[in-house]
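Undergrad: Take a look at the following structure, please.
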Amino acid sequence: MPTDEPDSFTDTVGAPELANCLDRLAAGDLAARDRIIELCGHRLRVLVQRMLAQFPSVRRWDDTDDVFQNAAMRLHRALGHVTISSPRELAALAATAIERELLDLARRYAGPMSFAANHATNLPGMSGSHGPSTPHAVRDAVAAEDPLERWTLFQDAIAGLPDDLREVFHLVWYLDADQQSVARLMQCAERTVRRRWQEARQAVRTALDGQRPA
């Protein structure tokens, strides 16, 4: 792993080159997308690993590298269709690309015709007489382990947040950025970030009746 690769979208290491790539992209140089993905690759992988942990039924069939490759391709495509002018906008777009990839995979594996719903490997109790023995039972076991409906409600709650609250939520929740770094990135007071983070958390918590998404 190159030592000059940014560890985070909020890091200053590598920031000048990333800013240059974003400028090139805004000017129509689509080739800049490749370098943007390279510069952010390590942090993208960390994000994928962190978010994948919230999707047990996906983690059963796909590892971090699989999800990372697909999410990186989604981000690459998205960069060709939207205007990104700053690392903070890139961070939000990256988080969105990963969450959409994970949700699509979770829906695929939770469906009644999915491989997961008709394959017993590694599910608790599958080899014994007390475990699920039908495709429907397997499907229900997968669904119980990975509450997709609740996670979808969680994503909907985030999408419904006002722009300023949603951006802070993305940066803190998905990117694991501390509030000081978020304040610096957004060029606002740390107390403003703290207030927005508290408001965003409360709104999401209310939408989920006080429960975590997974």
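The values are calculated or read from the model by the stated rules, or taken from the named source; none is laboratory data. Remember, predicted model here, so these are calculated numbers, not experimental data. Backbone-built Cβ (ideal geometry, glycine too); neighbour counts: all protein chains shown. Just so you know, the surface numbers come from the protein's heavy atoms only, side chains and all, with ligands and any DNA or RNA stripped out. Shrake-Rupley method; radii C 1.70, N 1.55, O 1.52, S 1.80 Å.
Undergrad: Please give the per residue accessible area of region 14-66, computed with a probe of 1.4 Å over protein heavy atoms only, in Å².
TA: Each residue of region 14-66 exposes 47 Å² on average to a 1.4 Å probe.
Undergrad: At 1.4 Å probe size, with no ligands or nucleic acids counted, give the accessible surface of C188 in Å², nearest ten.
TA: Ignoring ligands and nucleic acids, C188 comes out at about 40 Å².
Undergrad: Can you work out the Karplus-derived ³J(HN,Hα) for every residue in region 25-35? Use 6.51 cos²θ - 1.76 cosθ + 1.60 with θ = phi - 60°, whole Hz, and x for glycine or proline.
TA: Couplings: 5, 5, 7, x, 7, 5, 5, 5, 4, 4, 5 Hz.
Undergrad: A further question follows. Assuming R0 = 30 Å, what is the FRET efficiency of A31 and A159, from their Cβ-Cβ distance, to the nearest 0.05?
TA: So the FRET efficiency works out to roughly 0.45.
Undergrad: Roll a 1.4 Å probe over the protein heavy atoms and report the accessible area of E89 in Å², nearest 10.
TA: Counting only protein heavy atoms, E89 exposes about 70 Å² to solvent.
Undergrad: In addition: Give the accessible area for S85 in Å² (nearest 10); use a 1.4 Å probe, count only protein heavy atoms, and leave out ligands, DNA and RNA.
TA: Roughly 80 Å² of S85 is accessible to a 1.4 Å probe.
Undergrad: Here is a follow-up. Quick one: order M186, M73 from most to least accessible surface, probe 1.4 Å.
TA: Ranked list, largest accessible area first: M73, M186.
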